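The values are calculated or read from the model by the stated rules, or taken from the named source; none is laboratory data. Model, not experiment: these values are computed from the prediction. We place every Cβ from the backbone using ideal geometry, glycine too, and count neighbours over all the protein chains shown. For accessibility, only protein heavy atoms count, side chains too; no ligands or nucleic acids. Shrake-Rupley method; radii C 1.70, N 1.55, O 1.52, S 1.80 Å.
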Amino acid sequence: MTRWPTPEPMQRALELARMAAEAGEVPVGAVVVKHGAIIGEGHNLTRTSSDPTAHAEVVAIRRAAEALGSERLEGCALFVTLEPCAMCAGAIAHARLASLTYAASDPKGGGVEHGARVFEQAQCHHRPEVYTGIGEAEAADLLRGFFAGRR
């Protein structure tokens, strides 16, 4: 089996996930890229900001939208360390992101290939290209380590 190198945006998302863990947040990081440059990034801030919507994806999308001055992130790619939940998948669709790349699957809380499968619903008016498994081992190790330390 060929192992492809982890692209720079996913490497940055993994760095952000480590920062989240250090802050006591679930270790998930996300970056939005346009024309090869990161225009928005973030990690989970739900506990830090007392905001249940402050998932890494939403934080990164908000920052990218602000950078572009538009709620539409057409032509942009999102890289995230964990399969987005249904809320984040909805935000991805509304932002019109061209692609989503996530590292680890989330059978318990995911909303893309698990659970709600948001992009497969008739009510979903935009479906990004989806790529999975890039950086999966490192992202999964971060999550396992974080939760093992909490048990």
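Before moving on, here are some points about what is shown:
- Segment 76-135 - residue that is of a type in the set (Phe, Trp, Tyr) and more than 11 Å from the chain's Cα centre (by Cα) and, of those, most open to solvent (accessible area, probe 1.4 Å): 131
- Complete set of residues in segment 86-114 that are under 14 Å from residue 143 (Cβ atoms) and not in a strand (DSSP E or B): 105, 106, 107, 108, 109, 110
- Odd one out for residue 64 among (1) open to solvent by less than 20 Å² (accessible area, probe 1.4 Å); (2) of a type outside the set (Val, Ile, Thr); (3) within 26 Å of residue 145 (Cα to Cα): (3)
- Any pair with Cβ under 7 angstrom, 6 or more apart, that starts in segment 125-151 at a residue that is more than 15 Å from residue 112 (Cα to Cα) and part of a helix (DSSP H, G or I) and ends at one that is of a type outside the set (S, T, N, Q) and open to solvent by 80 Å² or more (accessible area, probe 1.4 Å): 142/18
- Here the condition is being under 28 Å from residue 120 (Cα atoms) and either touching a Gly at 6+ places or on another chain (Cβ under 8 Å) or assigned to a loop (DSSP other than H, G, I, E, B) (or both); of 25, 71, 15, it holds for 71 alone.
- Residue in segment 31-47 that is open to solvent by 60 Å² or more (accessible area, probe 1.4 Å), over 11 Å from residue 142 (Cβ atoms), assigned to a helix (DSSP H, G or I) and modelled with pLDDT of 95 or more present: yes
- Within segment 23-38, the only residue that satisfies the criterion of being without any contact (Cβ under 8 Å) to a residue 40 or more places away in the chain and within 14 Å of the chain's Cα centre (by Cα) is 38.
- Flag if residue 20 is within 24 Å of residue 144 (Cβ to Cβ), without any contact (Cβ under 8 Å) to a residue 40 or more places away in the chain, small (Gly, Ala, Ser) and in a helix (DSSP H, G or I): yes
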